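See structure below.
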Amino acid sequence: MEAISRASASEPDCARYQIFGTLPSDAVARSSRESAADPDDAASIAEALEATRAACMSHLEPHVEGYIWQKDPFQLEVVAATPPGTSRSGTPAHLAGVTRFGDNVEDEWFIVWMLRELTRAFKGLVARVWDDDGEFLLIETAFHLPRWLKPETAANRVWLCGGEMRVVPPEADARLGAWARAPAAPGAFAVPSVEAALWLARGGDGEVLAACAEGEEGEEEEAKAKAKAKREAHETKMRAANAALSSRLAPFPESARASTHRCVAVLPARLAALLAREPQLIAPATQAFYLRDPAGLNAAARAAFFPLRDATQTLVTTTRCLYAQLDRQRFEPSRAWRAAVEVSGACARRRDAETLGAKIAAGFEILAEAWNRDGLCDLREPAKATAGDEGAAAAARRDAGGAGGGSDPTRAAFFASLERNGYFRGEMRGSAAHRRLHAAAAAQYEKSAWSERARAASAAPATRAAAALAAADAEGVADASRRLCARLEDGDSDAWMRAYAGESDDPLEVELAKREAERRERRESTGGGFGGEDDFSGAKKNGDADGAGASADPLAAMAERLRAFMGERSGHEGVEDALAKNANTISGNENENHRTGLEESADDDESLLDARAFMAELGAALGVGGGGGGLMGGTVTDSDDDFS
């Protein structure tokens, strides 16, 4: 079952977050002991966390109301405490959530803003967030962080508290003693326990660092001065890091509302009534259309759930990301669709609305078919659901189960991971051996706790859709059709999709310019390197004999040489002599071992670019070619601060 355990890893494009609050101290102390926790204590902690959850969601409601998430909304649930074990520290009871943001990374940053806002609004709350890239806040603030902070040293050290990011320095938990650190392998970087890290993030690190700066009785003044300098350097770096994070989050929450896009689409009246009641359902329908397969297209062509009649021109609320996914997909509506909705002599905007409506309707048909197959709900008109249809749906569910499919995304990812990891041993699908292995994997999946959570998450949209359609059917689809009718002019302009074609105000160009300015400022402030004095305590300093060329940026030099390479003339046999000779000259200056860059042709005396000459070019640009015998022959050493 090793492959099964690997399959249960976190799904990509997921933001995971935790919020730790101030809990009843007596109950926490008793529940953290090794003995069994008192049920009354657990109940009081759960009640406190539930009250915290309600307060948090109430505070965020004005900002998230009407916001359409790409996949999952921001959500919090109470998680019980886990006792400490032999290989890990315990985790206090807390609030936690998981949000799949898919292709819209702005959902993830909106969550970061909400977590920071909660820690600002509620004193004592401490939060942390990560995704499949790890501590992605460190990526955003990379130019301003201390050198010792790396992915392998960041565990339990990066937090949001008091409306800002806080990093627990290693010297802080080291000062507290062994109890403040989680069990770690010999030689591994020390990891603070969650409880100690929470205390330090709430402000305890300031007290500890102040104590370090004051020193102990009998400690040398030089050691005290060094500790004080480290504390001041840490505070300076955190101010810069928080400024960078604030710059990234500055557009929120206004940008979340600005990302909404209203478009006019021609839809069947029943589908228009559903979207009017549940606009969030446009997200899973867009996903279903975007990832459609031949079976899904067959379901869309049947139009079994939303009949092609009483077509209405209605206003659909979506996001710019979802609209772009729909708009950029090539799709030819069926002849039945054209016959039902086309208007002779229609203008271009009307034809665009018809095509957009065909895409949305196809997505909902695919989605409704999956829900019906999985037994979640049946969105057909009440008169169309029969006993025979229920039998066909049950058969379809059995077929989908055999393939590991269905509308449960976690189940699909689970079985896909099993395939990648060789769990089925190359057995043909449908064979006895494949069915036996599949049954064992399915049993393991059903027993897992996250199976229930995934099934509940995938069922929620189906439940909402069924309730909304029942209400719409009771009201009368014809009445809803007349009420939801919109004009073509009511939709928002989609000029933003073409507004930045290489112009100076292109957001991508603006962001690249900002990053370049940060990198240049960082280089200038550190004397030509990428780290400060505290970051390279054992490295070469500017002004050393070996550091004469440190002021030149090696990455910029490499980019310039590659740009020159791409701009050279080339013939049918490759890049011509000028660049090759240049590469050979540079390699000769750097290292005699790199001189074999060209092979002379006996017939026409033309030269080809040799791989070794090209590597010599890169070696010269990076400054590591001398004395080492190859591009990677030399070593660049830098000494990190030893905080442990």
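The values are calculated or read from the model by the stated rules, or taken from the named source; none is laboratory data. In this text the structure is predicted, and so the values were computed from the model without any measurement. Note that we place each Cβ from the backbone using ideal geometry, even for glycine, and neighbour counts take in every protein chain shown. Note: areas computed on protein heavy atoms with side chains; ligands, DNA, RNA excluded. Shrake-Rupley method; radii C 1.70, N 1.55, O 1.52, S 1.80 Å.
Tabulated results
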{"read-out": "Local electrostatic count, A196, Cβ distance below 9 Å [Lys/Arg +1, Asp/Glu -1]", "value": "-1"}
{"read-out": "Under 5 Å, built H, 5+ apart or other chain: amide partners of T312", "value": "L267, A269"}
{"read-out": "Karplus (6.51, -1.76, 1.60) ³J(HN,Hα), θ = phi - 60°, over region 244-258, in Hz, Gly and Pro reported as x", "value": "5, 5, 4, 5, 5, 8, 4, x, 8, x, 4, 5, 5, 6, 5"}
{"read-out": "Residue-by-residue Karplus 3J(HN,Hα) for region 286-295, coefficients 6.51, -1.76, 1.60, Hz, glycine and proline x", "value": "5, 4, 5, 5, 5, 9, 5, 10, x, 5"}
{"read-out": "Per residue accessible area in Å² of region 271-352, where ligands, DNA and RNA are left out and the probe is 1.4 Å", "value": "52"}
{"read-out": "Long-range HN-HN contacts of G491 with modeled amide H, under 5 Å", "value": "V264"}
{"read-out": "Binned Cα-Cα distances of region 235-308, short to long, each 5 Å bin given as a whole percent", "value": "3, 11, 13, 17, 13, 8, 7, 7, 7, 6, 4, 2, 1"}
{"read-out": "Long pairs among K230/K514; K150/K514; K150/K226; K123/K226, criterion Cα-Cα beyond 31 Å", "value": "K123/K226"}
{"read-out": "Amide hydrogen neighbours beyond the local backbone of V98, cut-off 5 Å, H modeled", "value": "Q75"}
{"read-out": "Magnitude of the charge dipole, region 218-357, Cβ model with Lys/Arg +1 and Asp/Glu -1, debye to 20", "value": "400"}
{"read-out": "Note, ³J(HN,Hα) from phi for region 172-182, Karplus 6.51, -1.76, 1.60, rounded to Hz, x at Gly and Pro", "value": "6, 6, 5, 5, 6, x, 5, 5, 8, 10, 6"}
